[in-house]
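Undergrad: Submitted below is the structure of interest, expressed as structure tokens.
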Amino acid sequence: MLTEDPIRATAGAPSAGRPAAHPAASRIQDARLAGRIMTAEEAAALIPAGATVGMSGFTGAGYPKAVPQALADRIAAASERGERMRVNVWTGASTAPELDGVLAEAEGIELRLPYQSDPTTRREINEGRMEYLDMHLSHVAQTVWQGFLGPLDIAVIEVSGITEDGRLIPSSSVGNNKTWIERADAVILEVNSRQPAELEGMHDIYYGTALPPHRTPVPIIRPTDRIGVPYLGCPTEKIIAVVPTDAPDRNTPFSAPDDTSQRIAEHVLDFLAHEVERGRLPENLLPLQSGVGNVANAVLAGLGEGPFENLTAYTEVIQDGMLHLIDTGKLVGVSATAFSLSPEAAEQFNARAGEYRDKIVLRPQEISNHPEVVRRLGCLAMNGMIEADIYGNVNSTHVMGSRVQNGIGGSGDFARNGLISFFLSPSRAKQGAISAIVPMVSHVDHTEHDVDVIVTEQGLADLRGLSPKQRARRIIDHCAHPDFRPALQDYYDRALHSSYGRHTPHLLEESLSWHTRFMRTGSMR
């Protein structure tokens, strides 16, 4: 916990270096905060060594741009003096090089949660220099409120403005910001004038959550139902610093769908059309949930060309494909917690944010990923994977069982609770050295009980209603690459006759041999 009162230390003590004419100054309307406007360096100086810091940000949107860099510089300077300074960092999900990257480079993070995608952070975790807690995104806020993670000392939150009466206009992501502000002892705000002013009114911040036994239903019946308020609330006395910024989000380019991604998308779209024809889905489908990446964008692009109209989405992130579906009139409403856009799509959104406001709702991630709502709406959950085994267990986080890639993110929230759970992947990786279909996954994130459909460019395996042996035959026949299919079939045939039991046949002495072979030779073949 904080050992000094940073509010008393900073309130009414303006800095000579304060940028009085910063472009964000007009976004700070609350006169009570005038004495707390300061530089990023001054704000970072308020974060003590060993602090737990909750930072905004979700998939490279809405993260603080200046204070983390200043904090990393401070940590690096301490290291040069022979002093060790580290902090714990909690976020909504992945952020950007200006947050995760710089702090990881400075070796300034002791513990990171709940999801990351930064290469330096990944290296630090996998080399044992950073502790990492991978969590379902819907569980984070509840876990913090229950106190299992300890106290939260400071929240560093990007907002797009502050109203005259002190309400905070959220930025391009919401994530866990509501919880960080409520639970932190002190709050540092970055007010980013680069975020479009038309974001105001797009958010829906719900303050009706509670812990058992006081929990009540989340009253969302349709994806774009608004159940909260457009602003984040924070007691003025809790705000110890306001830092004006003017910097863009990290916008990662998306590649044009390649042949593999397009073939995966075609299999998904054919399946959806079949489900409509059979009467198991309505003509406008059900709310879509889509993970991040080129395969997901290929599916969304296919929906834009397909026969489905009046689509909706209840998901975590809004990607390029969803903006395109809104533009074409195919997608009539989407609920998410953040954007994840390419530079071109971000420029388009920023220029037309007011036009999108009636079609988009941004919520806290504890609501965007809430299992109760996902189950009620019957979401169609489409997420990526690293590998699946012949019985339908999915590994979406670890390479060769030990090296974490990014984290489970929200895939588990939707996979277990959605109406249909899809997992998508090319059938091979590393120029054909790795098979995405293996005898046994080297790490399990989603058990066979939560996986309905597996799709590769080779085909689609609908696993619903199938026993383990039936699943194995379908996955091998429909999803495995021809280079690996005979070896998988051979493994299964021998396991069927030689395993300890016949319900889920395995040869335990061989079940992970494909992974050990890759680590030894560089190929599973």
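The values are calculated or read from the model by the stated rules, or taken from the named source; none is laboratory data. Source: prediction; values computed, not measured. Note that we place each Cβ from the backbone using ideal geometry, even for glycine, and neighbour counts take in every protein chain shown.
Undergrad: Scan (1) without any contact (Cβ under 8 Å) to a residue 40 or more places away in the chain; (2) exposed (fewer than 13 other Cβ atoms within 10 Å of the Cβ) for the single condition residue 522 breaks and write down its number.
TA: (1) is the only condition that residue 522 fails.
Undergrad: Also, quick follow-up: Which members of the range 97-109 meet the condition of being among the small types (Gly, Ala, Ser) and either under 16 Å from the mean Cα position of the chain (by Cα) or crowded, with 21+ Cβ neighbours inside 10 Å (or both)?
TA: Of everything in the range 97-109, those that are among the small types (Gly, Ala, Ser) and either under 16 Å from the mean Cα position of the chain (by Cα) or crowded, with 21+ Cβ neighbours inside 10 Å (or both) turn out to be 104, 106, 108.
Yes or no, residue by residue, for (1) outside the structural domain of residue 143 (by TED's automatic domain parsing); (2) part of a loop (DSSP other than H, G, I, E, B):
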| residue | (1), (2) |
| --- | --- |
| 209 | no, yes |
| 214 | no, yes |
| 218 | no, yes |
| 224 | no, yes |
| 227 | no, yes |
| 234 | no, yes |
| 237 | no, no |
| 240 | no, no |
| 251 | yes, yes |
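Undergrad: Could you please tell me which pairs satisfy a Cβ distance under 9 Å, a separation of 6+ or placement on different chains, a first residue in the range 406-435 that is not assigned by TED's automatic domain parsing to the domain that holds residue 271, and a second residue that is buried (at least 19 other Cβ atoms within 10 Å of the Cβ) and assigned to a loop (DSSP other than H, G, I, E, B)?
TA: Final answer for the pair search is none.
Undergrad: Could you tell me which of the residues 232, 272 is within 26 Å of residue 458 (Cα to Cα), in contact (Cβ under 8 Å) with a residue 12 or more places away in the chain and hydrophobic (A, V, I, L, M, F, W, C)?
TA: Of 232, 272, the one residue that is within 26 Å of residue 458 (Cα to Cα), in contact (Cβ under 8 Å) with a residue 12 or more places away in the chain and hydrophobic (A, V, I, L, M, F, W, C) is 272.
Undergrad: Here is a follow-up. Which residues, counting only those in the range 477-490, are crowded, with 21+ Cβ neighbours inside 10 Å and not small (Gly, Ala, Ser)?
TA: 479, 484, 488
Undergrad: Another question, if that's okay. Would you confirm whether or not the range 110-124 contains a residue that is over 16 Å from the mean Cα position of the chain (by Cα) and within 23 Å of residue 241 (Cβ to Cβ)?
TA: yes
Undergrad: Then there is this: Return the pairs, sorted by first residue and then second, in which the second residue is of a type in the set (Phe, Trp, Tyr) and modelled with pLDDT of 95 or more, the first residue lies in the range 476-505 and is not assigned by TED's automatic domain parsing to the domain that holds residue 266, the beta carbons are less than 6 Å apart, and the residues are 6+ apart or on different chains.
TA: Pairs found: 504/391.
Undergrad: Of the residues 250, 226, 183, 167, only one is of a type in the set (D, E, K, R) and touching a Gly at 6+ places or on another chain (Cβ under 6 Å); which?
TA: Answer to the selection: 250.
Each row is one residue, and each column tells you yes or no for (1) crowded, with 22+ Cβ neighbours inside 10 Å; (2) basic (Lys, Arg).
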site: 25; (1), (2): no, no
site: 32; (1), (2): no, yes
site: 61; (1), (2): yes, no
site: 67; (1), (2): yes, no
site: 70; (1), (2): no, no
site: 91; (1), (2): yes, no
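Undergrad: Is it the case that residue 124 is in contact (Cβ under 8 Å) with a residue 40 or more places away in the chain and surrounded by fewer than 24 Cβ atoms within 10 Å (Cβ to Cβ)?
TA: So residue 124 fails the test.
Undergrad: Considering every residue within the range 130-137, establish whether at least one is out of contact with any strand residue (DSSP E or B) (no Cβ under 8 Å at 6 or more places or on another chain), in contact (Cβ under 8 Å) with a residue 40 or more places away in the chain and not small (Gly, Ala, Ser).
TA: yes
Undergrad: Mind checking which residues of the range 225-242 are under 30 Å from residue 48 (Cβ atoms) and among the acidic types (Asp, Glu)?
TA: Residue satisfying the conditions is 237 alone.
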